[in-house]
Every structure is written in structure tokens, then in C-alpha cells.
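Engineer: Structure incoming, see below.
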Amino acid sequence: MIVNIEFLSDEPIENVNTSLHFKIDKTIFFGFADVIEKKREITKNFLKKHCGVREVSFICLPEYQLDSILATMRKVIEQELIRKNDVFFEVTGGESLILIAFGMLAESFKAPMHSFDIETQKLIELNRENVTPISEVAPGQHIKLNLDAFIEMQGGKINYRLHKGAKNLEDPQFEKQIEALWEISSKYGETWNFFADFLRRCCEPDENWQVNITGKQVIAAYRKVNRFRSIRELEKMLSECAAAGVFLDFVHSKDQLSFRYKDEKIKDILWDAGSILEMHTFMEERKNADDCMVGVHLDWDGVIYNHSGKDTLNEIDVLSLHGVIPTFISCKNGSVNQMALYELQTVADKFGGKYAKKAIAAPQGLNDTHTLRAKEMGIEIR
């Protein structure tokens, strides 16, 4: 039997990484009481479900008492060796006192020790000159995580009930139209937000997605929004959307504006000013990601209730996974305030831990104060 022994970490990926790479029969976690209480069920269930580990046990250690720690660990290790099991020590991310204990016990029992560089997933075999390392004993495996499994490992769950259908990219033609709209929105900058407001106020379609309004109604809505540089700017944006193929049967004159939204998804995207930025960011991010989603609702405790109001949720605009490293991206089509930075930090800490990467996509940029704060928080500005 292959037995992996390690210290239970607050970082979930450190607890499961060996089992992503090797077929482990049994994992024994030494840990402190508060961490065991918090991580026991999530860690055990993940290892059994996703990694094929048959047995998972947790042994509580006294804090700050090296002699007691050594005695407890020694007894457990001796039992495994009596059973003729192959025992390996995993020391990724362990606390200093525990690392000292593992080092002393590895020397005493001639047990192989290893760790991983989490970001590169490089295996580091620490004392292979004296022992047979895990790579030469345990059968290898390569378990590739997707975002569902990663968020489950963190104790959360992706709530698909709240996902907006308009953000499903399944049609290549739809992707081309998103890119065309991105070119338009990029050209007009913050005015794109006012354009979306105009469409919501003035261009409500009938059941066939048809819009028919008078020239007077256009002028009235233009004045109500009152943020365009001129009526000509609004007319150009309408014409460019028609040229991009998102408005069909487009007719515009002094007395009439008439067109048909290509479909409901296009209408929803146009009415939500930030959607184009989110979709473009998603399409760029997924090119190099192992998994990527847009408009992700994350449930904090992994239990989704049927009744609204019971779930604690966060939404992240774009979420990607590169190996075992997640990237949380917040998209801001207008100005960025400090609260937006803290919200991104909170979500990334909760569902990504210390290895998570954070980015904010902000075409309008950040002011100097917020740029400095983002840098201090480890947030990339795109």
C-alpha cells in the first residue's frame, strides 16, 4: 500500500497535489485541531472522489510542543511500517516546526520526502540519494482539474442556475459579432455605457425582436440620456451596430428608426454595457487556459438552496484555470474605485487562496492612487 503522510494545510491544493500526480492508497494528515475541523470533510471527499484515494485519516497534533509532536507522528509511522506499507512524506507548505519534525523522522525511518512547486507543478525529491523516492515506487497519474473541481476543492460550488444564457459562446458567428461589438465599444469608450442606456430606454422590441420608433422618440431618449457628444455620434453608433450584423433590416431617417435585434442574446448583450468587455476578456483569456468561464456565480459553502436569499454568493466576471492556478478577473467598463479592488481580493482569497492570480480589465484605466493600491494588492491591470 502506498501511504502519503503530510501536514494539513489551510491551502487546499497543497493537501491534494501529491494525489493528483501519484496513485495513493492512503493519505494521513497530521494537523492542528482548528484546521482539521475546517478542512476534514472537504479534503477527504475530494481525495476520494477525484483522486481515487481509498483511505484518508486525520491525526491531531499539539501546537508548539516538538517532543509531543514527534511522539505522536512516530507512533503512526511505525504502525504503517509494521503493515509493510510504502511510506512517503510530503512537506509542501508545512509550518516550520512540522518541517523540523518531518526532517528528523525522515532521517530516523529512512523515509523519502518530497514537495512540489505549486505554480510549476515540479516535483522536488529532497533526500533521494539515501532512499527510493516516490517517483520510483508509486504509479503515476495526471489528474487535470477543471473549474468545477477546483472550486469544490475550495469548499464552494459554481451556481449554474444564475448563469446568463447570453454569455454562452457556442456559435462562431456569435463570437464574430462579439468581436465586432468590442471594436465599436473600444472606439467610443465610456460613451458605450450611454449607448446601452439609450437602447434600454428607447428600443424595447416586440415579440419578434423588432423595434419601430419615431424620430421624435429618438430625440427625446437622446436628451434624457444626455451624455453623447452629439446626436450624430448616436446615429453613427446605431449604423455601426447595423453594419456589424446585430441590427437587421436597419432603417434610419429623420422621422423613423427601425431595426430588428438579431436575437435575444444580442439584445441582452447590448443592453448590459459591461457584457462586451466581459465577453472579449473571456475570449482572450480562454486561448491559453485549461478551463475558463464568464459570469461565474460562486456559492460560499458548496450547498445551493432552492430558496433565494439563503445562499452566500459572489460573482466573478471571468474565471480561468492554468494548471492548478486560478485567475480571477474583474471587468470594469467605467471608472474603478477602491471597493472594486477589495471585492476582487475577497473573492480571490476565498476561492483561490494564496496561489490565486488577480486581474482587473479596465479600458478606461485607473487613477494613480488606485493603480498603486492595485499593485500593492498583487492585482494586474489590463
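The values are calculated or read from the model by the stated rules, or taken from the named source; none is laboratory data. As the structure is a prediction and not an experimental result, all values here were calculated from the model. We place every Cβ from the backbone using ideal geometry, glycine too, and count neighbours over all the protein chains shown.
Engineer: Being of a type outside the set (Gly, Ala, Ser), assigned to a helix (DSSP H, G or I), surrounded by 15 or more Cβ atoms within 10 Å (Cβ to Cβ) and modelled with pLDDT of 95 or more is true for just one of PHE195, PHE259. Which residue is that? Walk me through it before giving the result.
Structural biologist: On the way: PHE259 fails: assigned to a helix (DSSP H, G or I).
That would be PHE195, the only listed residue that is of a type outside the set (Gly, Ala, Ser), assigned to a helix (DSSP H, G or I), surrounded by 15 or more Cβ atoms within 10 Å (Cβ to Cβ) and modelled with pLDDT of 95 or more.
Engineer: Looking only at segment 20-64, which residues are within 15 Å of PHE150 (Cα to Cα) and either among the hydroxyl-bearing types (Ser, Thr, Tyr) or part of a loop (DSSP other than H, G, I, E, B) (or both)?
Structural biologist: Keep residues of segment 20-64 that are within 15 Å of PHE150 (Cα to Cα), which gives 20, 39, 42-51.
Result: THR43, single match.
Engineer: Something else about it: Look through segment 324-368, keep the residues that are farther than 11 Å from ARG382 by Cβ, over 12 Å from the mean Cα position of the chain (by Cα) and touching a residue at least 40 places away in the same chain (Cβ under 8 Å), and return whichever of them is surrounded by the most Cβ atoms within 10 Å (Cβ to Cβ).
Structural biologist: It comes out as ASN333.
Engineer: Find all pairs meeting these conditions: Cβ atoms under 6 angstrom apart; at least six residues apart or on different chains; first residue within segment 213-231 and in the same structural domain as PHE194 (by TED's automatic domain parsing); second residue among the acidic types (Asp, Glu).
Structural biologist: GLY215/ASP255; VAL225/ASP197
Engineer: Additional query: From GLU129, GLU179, GLU204, which residue is out of contact with any Cys (no Cβ under 9 Å at 6 or more places or on another chain), within 30 Å of LYS224 (Cα to Cα) and either among the β-branched types (Val, Ile, Thr) or assigned to a loop (DSSP other than H, G, I, E, B) (or both)?
Structural biologist: Values: GLU129 fails: within 30 Å of LYS224 (Cα to Cα); GLU179 fails: either among the β-branched types (Val, Ile, Thr) or assigned to a loop (DSSP other than H, G, I, E, B) (or both).
Testing whether each residue is out of contact with any Cys (no Cβ under 9 Å at 6 or more places or on another chain), within 30 Å of LYS224 (Cα to Cα) and either among the β-branched types (Val, Ile, Thr) or assigned to a loop (DSSP other than H, G, I, E, B) (or both) leaves just GLU204.
Engineer: Please indicate, with yes or no, whether at least one residue in segment 138-151 is over 27 Å from LYS38 (Cβ atoms) and either out of contact with any Lys or Arg (no Cβ under 7 Å at 6 or more places or on another chain) or not in a loop (DSSP other than H, G, I, E, B) (or both). Please lay out each step first, then the result.
Structural biologist: Of all residues in segment 138-151, those over 27 Å from LYS38 (Cβ atoms) come to 138-142.
Imposing the further condition that a residue be either out of contact with any Lys or Arg (no Cβ under 7 Å at 6 or more places or on another chain) or not in a loop (DSSP other than H, G, I, E, B) (or both) reduces the set to 140, 142.
Yes: one or more hits.
Engineer: Separate question: For residues that are within 23 Å of GLU278 (Cβ to Cβ) and aliphatic (A, V, I, L, M), scanning just segment 189-222, find the one that is nearest to the chain's Cα centre (by Cα).
Structural biologist: ALA196
Engineer: Restricting attention to segment 111-131, does a residue exist that is polar (S, T, N, Q), touching a Pro at 6+ places or on another chain (Cβ under 9 Å) and farther than 17 Å from GLY31 by Cα?
Structural biologist: Here is the first cut: in segment 111-131, the ones polar (S, T, N, Q) are 115, 120-121, 127, 130.
Okay, now just the ones that are also touching a Pro at 6+ places or on another chain (Cβ under 9 Å), so 127, 130.
Next cut, farther than 17 Å from GLY31 by Cα only: 127, 130.
Among the residues of segment 111-131, at least one is polar (S, T, N, Q), touching a Pro at 6+ places or on another chain (Cβ under 9 Å) and farther than 17 Å from GLY31 by Cα, which makes the answer yes.
Engineer: Scanning segment 258-273 for residues that are without any contact (Cβ under 8 Å) to a residue 60 or more places away in the chain and of a type outside the set (Asp, Glu), which turns out nearest to TRP192 (Cα to Cα)? Show your work before the answer.
Structural biologist: Narrowing segment 258-273 to residues without any contact (Cβ under 8 Å) to a residue 60 or more places away in the chain: 258-261, 263.
If we keep only those that are of a type outside the set (Asp, Glu) as well, we get 258-261.
Values: SER258: 20, PHE259: 19, ARG260: 20, TYR261: 17 Å.
For segment 258-273, the residue satisfying everything is TYR261.
Engineer: For GLU37, all conditions in the list (1) under 30 Å from PHE351 (Cβ atoms); (2) surrounded by 20 or more Cβ atoms within 10 Å (Cβ to Cβ) hold save one; what is the number of the exception?
Structural biologist: GLU37 satisfies all of (1) under 30 Å from PHE351 (Cβ atoms); (2) surrounded by 20 or more Cβ atoms within 10 Å (Cβ to Cβ) except (2).
Engineer: Filter segment 223-234 for residues that are assigned to a helix (DSSP H, G or I) and either under 23 Å from ILE178 (Cβ atoms) or over 39 Å from the mean Cα position of the chain (by Cα) (or both) and give the result. Can you show your working first?
Structural biologist: Within segment 223-234, the first condition is being assigned to a helix (DSSP H, G or I), and the residues that meet it are 223-225, 231-234.
Listed by number, the residues that qualify are ARG223, ILE231, ARG232, GLU233, LEU234.
Engineer: Mind telling me which of the residues ILE118, ILE100 ends up being touching a Phe, Trp or Tyr at 6+ places or on another chain (Cβ under 9 Å) and either assigned by TED's automatic domain parsing to the domain that holds THR18 or of a type in the set (S, T, N, Q) (or both)? Steps first, answer last, please.
Structural biologist: Numbers: ILE100 fails: touching a Phe, Trp or Tyr at 6+ places or on another chain (Cβ under 9 Å).
Just one listed residue meets the conditions, ILE118.
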